[in-house]
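**Q** One structure, as structure tokens, below. Some questions next.
The values are calculated or read from the model by the stated rules, or taken from the named source; none is laboratory data. Here the structure is a predicted model, which means the values were calculated and not measured. Virtual Cβ from ideal backbone geometry, glycine too; neighbours counted across all protein chains shown. These area figures cover heavy atoms from the full protein model, side chains too; ligands, DNA and RNA do not enter into them. Shrake-Rupley method; radii C 1.70, N 1.55, O 1.52, S 1.80 Å.
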Amino acid sequence: MKLHNKLAAALSLSISIVLGAALPASADPDTSVANKLNYSTDVIYQIVTDRFVDGNTSNNPTGSAFSSDQSNLKLYFGGDWQGIINKINDGYLTGMGVTAIWISQPVENITSVISYSGVNNTAYHGYWTRDFKKTNAAFGSFTDFQNLISTAHANNIKVIIDFAPNHTSPASSTDASFAENGALYDNGTLLGKYGSDSGGLFHHNGGTDFSTIEDGIYRNLYDLADINHNNSTIDTYFKDAIQLWLGLGVDGIRFDAVKHMPSGWQKSYVSSIYSSSHPVFTFGEWFLGTDETSPDNVNFANNSGMNLLDFAFAQEVREVFKDKSETMSELNSVLASTASSYNYINNMVTFIDNHDMDRFQVAGSSTRPTEQALALTLTSRGVPAIYYGTEQYMTGVGDPNNRAMMTAFNTNTTAYKLIKALAPLRKSNPAIAYGTTTQRWVNDDVYIYERKFGNNAALVAINRNTSAAYPISGLSASLPAGTYTDVLNGLLSGNSISVGSSGSVANFTLAAGGTAVWQYTAPASTPAVANVGPTMGKPGNTVTIDGRGFGSTAGTVYFGTTAVTGSSIVSWEDSQIKVKIPSVTAGITAVSVTTASGSASSAFSNFNVLTADQVTVRFKVNNATTALGTNVYLVGNVAELGAWSPAAAIGPMYNVVEAAYPTWYFDVSVPAGTALQFKLIKSNGTAVTWEGGSNHTYTTPASGVGTVTVDWQN
């Protein structure tokens, strides 16, 4: 979420919305969605719930909160879960090939109408939470939500919910009557308000200026009441709240504003999800601007246990196809660099537009850039997510114009047909879902790339120039000899190709604005591991290994050199294995498979074995003076603290907001109920200075959060 409202004088007006139903008993209706931990074979469709379909007019807000003619895009329009159910039942989503929907945060939001600069605003978007354990009544009741889950699952569609534990709702540090004062409720019981926060549930450090990661974490995002995650009441509350929704059958979670919460708390949080009886795929929003790179972003994706929305991909695709400000060669470079930077590239969620960006389609312009960007996204690495209405060429610049009511449900648009043709390939051809990407031919306007996994291959050609065709010569591919028809059947002016015995492709002309996809699938001749989900877990957790060629008879799974057999193999199929993590040394290890016949796979690298259940601890060190350019890091005796390796130390620690230099602090995910030993180090590039004295010691809490404060030892 990226809100642009500035704190201003505001008028709070109550509106009549019936409060959500009582907390339901946990009842997972999931009977058909087998794999909630791997989305590489899926196509996600992102829905702003209020802006899709009004399926039940009786739950619409009344009075000044509702725009009956849908002219005020800051008010409710009436979209709800019943509307989504209707579009599943009538075949619109399944007909397009959608296998997962990502819906707005479903929790109870404030019912105030807030006036910013004379314009009324509501919580139609779902990001102004009051109670994370109740439903947003404008979307429906718990019964409606369970009906949505059941309907989706009956149609082999997964349901992802947005979830925003970064904040509650708008609040003012000087005016307790502003809106609802950021109030947080626990199933109807008030936990606290921003202006009367005796329990320390919120940060009170003012608004962020976005200058540093620390500033964005520990200060308010705009005027939103910022949650203090270094609080055991908060920690327990959010762990309980997410389990409520998971118990209803939710298949995935998209976390809002992960850049603005402590990475240590988030690692502890998702590890509790993976250790529960309802583990699911998780991904977060870490916004990156055009051409922006961030080591913190990469570090989070590689070490938090949570996947990310791939903003680097999205921004580059927009530059190449929408703005024409960069070339296909530069697109290839970004795809290569991100594949190198991110450890779990196939889990990154790719997209071309969303609720925080201008719509991809430009009003009055050709639709071909949108179609080609979709084709790239659907055949590239990662998990493709399509923003509602993109298939209808919806336009809109900025928030809220990019969140208009769904304009049509036309199944004959070229974009709809394109998605319909390409989406199924993610399940039928593992090269599309899991393959490596190789550039085969490129210039400023043309990009031809190959996706390959085992014996499976796909070749994709895109010419973004809508006025000039290009002769293609010297192209080679991993496709076996033969003639290949464009999967799109010429929908985007694609052609057939002929491939020789050496993989050489006969010369052809790629039409102006042309896009074609050619593919080949074959049974696996050797076992190949494609994905392990989640990528982090403690011994005893069950993980899912996806791939091909495992056979139907159980063999052996290896975590490093430790073999797993027998009852620790939960299930074994040719394309999927579920296995319990063995008792191995915590830290990064590789996962591989040996079939019953003795054939061994290559390894899935960078699986993170945790020491035990995780809790969050704030480490603080006083009197750690440093020279300019030197930072303080934390290292200790467990894998979560780097196992005494300076190269794996935690940090750099912070020293501005929650504590001021020369005191440094950092919130870290560490094993619960564990006796830790640790020290602080000062680092400036390759120069490392250890503090003196004996190791610091601290026993972590069994649950909740903790804080340990020490003095730097000279």
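**Q** Looking at segment 83-106, is at least one residue among the hydrophobic types (A, V, I, L, M, F, W, C) and in contact with a Pro (Cβ under 9 Å, 6 or more places away or on another chain)? Steps first, answer last, please.
**A** Start the filter on segment 83-106 by keeping residues that are among the hydrophobic types (A, V, I, L, M, F, W, C), which leaves 84-85, 88, 93, 96, 98, 100-103.
Of the ones still in play, those that are also in contact with a Pro (Cβ under 9 Å, 6 or more places away or on another chain) are none.
Scanning segment 83-106, I find no residue that is among the hydrophobic types (A, V, I, L, M, F, W, C) and in contact with a Pro (Cβ under 9 Å, 6 or more places away or on another chain), so the answer is no.
**Q** While we're here: Can you tell which of 325, 337 is hydroxyl-bearing (Ser, Thr, Tyr), farther than 23 Å from residue 42 by Cα and not in a loop (DSSP other than H, G, I, E, B)?
**A** Sole residue among the options that is hydroxyl-bearing (Ser, Thr, Tyr), farther than 23 Å from residue 42 by Cα and not in a loop (DSSP other than H, G, I, E, B): 337.
**Q** Given the criteria more than 30 Å from residue 425 (Cβ to Cβ) and open to solvent by 10 Å² or more (accessible area, probe 1.4 Å), does residue 118 qualify?
**A** yes
**Q** Another one. In contact with a Phe, Trp or Tyr (Cβ under 8 Å, 6 or more places away or on another chain), among the hydrophobic types (A, V, I, L, M, F, W, C) and within 22 Å of residue 310 (Cα to Cα): does that describe residue 352? I'd like the intermediate steps shown before the answer.
**A** Values: in contact with a Phe, Trp or Tyr (Cβ under 8 Å, 6 or more places away or on another chain): yes; among the hydrophobic types (A, V, I, L, M, F, W, C): yes; within 22 Å of residue 310 (Cα to Cα): yes.
Considered against the rule, which asks whether it is in contact with a Phe, Trp or Tyr (Cβ under 8 Å, 6 or more places away or on another chain), among the hydrophobic types (A, V, I, L, M, F, W, C) and within 22 Å of residue 310 (Cα to Cα), residue 352 comes out as yes.
**Q** Tell me which strands (runs of 3 or more DSSP E) are completely within segment 40-149 and hold 2 or more residues being of a type in the set (Ser, Thr, Tyr), or say none if there are none.
**A** 112-116, 129-135
**Q** How many residues does segment 681-702 contain that are part of a strand (DSSP E or B), open to solvent by 30 Å² or more (accessible area, probe 1.4 Å) and over 20 Å from residue 630 (Cα atoms)? Please lay out each step first, then the result.
**A** As a first pass, look at segment 681-702 and keep what is part of a strand (DSSP E or B): 681-684, 687-690, 696-699.
With the extra rule that they be open to solvent by 30 Å² or more (accessible area, probe 1.4 Å), the set shrinks to 682, 684, 687-690, 697-699.
Filter once more, keeping what is over 20 Å from residue 630 (Cα atoms): 697-699.
Adding up the residues that qualify gives 3.
A quick yes/no check of all residues on (1) out of contact with any Ser or Thr (no Cβ under 7 Å at 6 or more places or on another chain); (2) β-branched (Val, Ile, Thr); (3) under 28 Å from residue 314 (Cα atoms); (4) open to solvent by less than 10 Å² (accessible area, probe 1.4 Å):
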{"residue": "218", "(1), (2), (3), (4)": "yes, no, yes, yes"}
{"residue": "222", "(1), (2), (3), (4)": "yes, no, yes, no"}
{"residue": "228", "(1), (2), (3), (4)": "yes, no, no, no"}
{"residue": "231", "(1), (2), (3), (4)": "yes, no, no, no"}
{"residue": "240", "(1), (2), (3), (4)": "yes, no, no, no"}
{"residue": "270", "(1), (2), (3), (4)": "no, yes, yes, yes"}
{"residue": "280", "(1), (2), (3), (4)": "yes, yes, yes, yes"}
{"residue": "285", "(1), (2), (3), (4)": "yes, no, yes, yes"}
{"residue": "293", "(1), (2), (3), (4)": "yes, yes, yes, no"}
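**Q** If residue 678 satisfies all but one of (1) of a type outside the set (Lys, Arg); (2) touching a His at 6+ places or on another chain (Cβ under 6 Å); (3) surrounded by fewer than 19 Cβ atoms within 10 Å (Cβ to Cβ), what's the number of the condition it fails?
**A** Condition not satisfied by residue 678: (3).
**Q** Further question: May I ask you to say which residue of 492, 488, 479, 475 is open to solvent by less than 40 Å² (accessible area, probe 1.4 Å), free of Cβ contacts under 8 Å to residues at least 40 places away in the same chain and of a type in the set (A, V, I, L, M)? I'd like the intermediate steps shown before the answer.
**A** Numbers: 492 fails: free of Cβ contacts under 8 Å to residues at least 40 places away in the same chain; 488 fails: free of Cβ contacts under 8 Å to residues at least 40 places away in the same chain; 479 fails: free of Cβ contacts under 8 Å to residues at least 40 places away in the same chain.
Being open to solvent by less than 40 Å² (accessible area, probe 1.4 Å), free of Cβ contacts under 8 Å to residues at least 40 places away in the same chain and of a type in the set (A, V, I, L, M) holds for just one of 492, 488, 479, 475, which is 475.
**Q** Within the bounds of segment 40-47, is there any residue that is touching a residue at least 12 places away in the same chain (Cβ under 8 Å), within 23 Å of residue 419 (Cα to Cα), of a type in the set (D, E, K, R) and touching a Ser or Thr at 6+ places or on another chain (Cβ under 6 Å)?
**A** Just the residues of segment 40-47 that are touching a residue at least 12 places away in the same chain (Cβ under 8 Å), to begin with: 40-47.
Still in the list and also within 23 Å of residue 419 (Cα to Cα): 40-47.
Now drop any that are not of a type in the set (D, E, K, R), which leaves 42.
Retained after the next criterion (residues that are touching a Ser or Thr at 6+ places or on another chain (Cβ under 6 Å)): 42.
Yes, the conditions are met somewhere in segment 40-47.
**Q** Separate question: Look at residue 304 and say whether it is among the small types (Gly, Ala, Ser) and open to solvent by 30 Å² or more (accessible area, probe 1.4 Å).
**A** no
**Q** Here is a further query. Name the pairs: first residue in segment 153-176 and touching a residue at least 12 places away in the same chain (Cβ under 8 Å), second residue of a type in the set (Asp, Glu) and part of a strand (DSSP E or B), Cβ to Cβ under 6 Å, at least 6 apart or on different chains?
**A** Sorted first by the residue in segment 153-176, then by its partner, the pairs are 167/226.
**Q** Can you tell me how many residues within segment 355-376 are within 17 Å of residue 449 (Cα to Cα) and touching a Phe, Trp or Tyr at 6+ places or on another chain (Cβ under 7 Å)?
**A** Total satisfying the criteria: 2.
**Q** Can you tell me which of (1) in contact with a helix residue (DSSP H, G or I) (Cβ under 7 Å, 6 or more places away or on another chain); (2) without any contact (Cβ under 8 Å) to a residue 40 or more places away in the chain; (3) among the hydroxyl-bearing types (Ser, Thr, Tyr) is the one residue 611 doesn't meet?
**A** (2)
**Q** In the list 668, 632, 657, which residue meets the criterion of being open to solvent by less than 10 Å² (accessible area, probe 1.4 Å), within 28 Å of residue 236 (Cα to Cα) and either touching a residue at least 60 places away in the same chain (Cβ under 8 Å) or part of a strand (DSSP E or B) (or both)?
**A** Unique residue meeting the criteria: 668.
**Q** Can I ask one more? Only residues that are in contact (Cβ under 8 Å) with a residue 12 or more places away in the chain and among the polar types (S, T, N, Q): list them for segment 269-289, please.
**A** Residues satisfying the conditions are 271, 272, 275, 276, 282.
**Q** Taking segment 315-356 as the region of interest, how many residues are under 14 Å from residue 443 (Cα atoms), open to solvent by 10 Å² or more (accessible area, probe 1.4 Å) and in contact (Cβ under 8 Å) with a residue 40 or more places away in the chain?
**A** Going through segment 315-356 one residue at a time, the tally reaches 4.
**Q** Among the residues of segment 301-314, count how many are under 20 Å from residue 535 (Cβ atoms), out of contact with any helix residue (DSSP H, G or I) (no Cβ under 6 Å at 6 or more places or on another chain) and either part of a helix (DSSP H, G or I) or without any contact (Cβ under 8 Å) to a residue 40 or more places away in the chain (or both).
**A** 5
**Q** Considering 381, 451, 440, which residue is more than 24 Å from the chain's Cα centre (by Cα) and farther than 27 Å from residue 89 by Cα? Steps first, answer last, please.
**A** Working: 381 fails: more than 24 Å from the chain's Cα centre (by Cα); 451 fails: more than 24 Å from the chain's Cα centre (by Cα).
One residue alone meets the criteria, 440.
**Q** Determine if segment 525-539 includes at least one residue that is touching a residue at least 24 places away in the same chain (Cβ under 8 Å), open to solvent by 50 Å² or more (accessible area, probe 1.4 Å) and over 30 Å from the mean Cα position of the chain (by Cα). Let's see the steps before the verdict.
**A** Narrowing segment 525-539 to residues touching a residue at least 24 places away in the same chain (Cβ under 8 Å): 525-539.
Narrowing the set further to residues that are open to solvent by 50 Å² or more (accessible area, probe 1.4 Å) leaves 525-526.
Imposing the further condition that a residue be over 30 Å from the mean Cα position of the chain (by Cα) reduces the set to 525-526.
Yes, segment 525-539 has at least one match.
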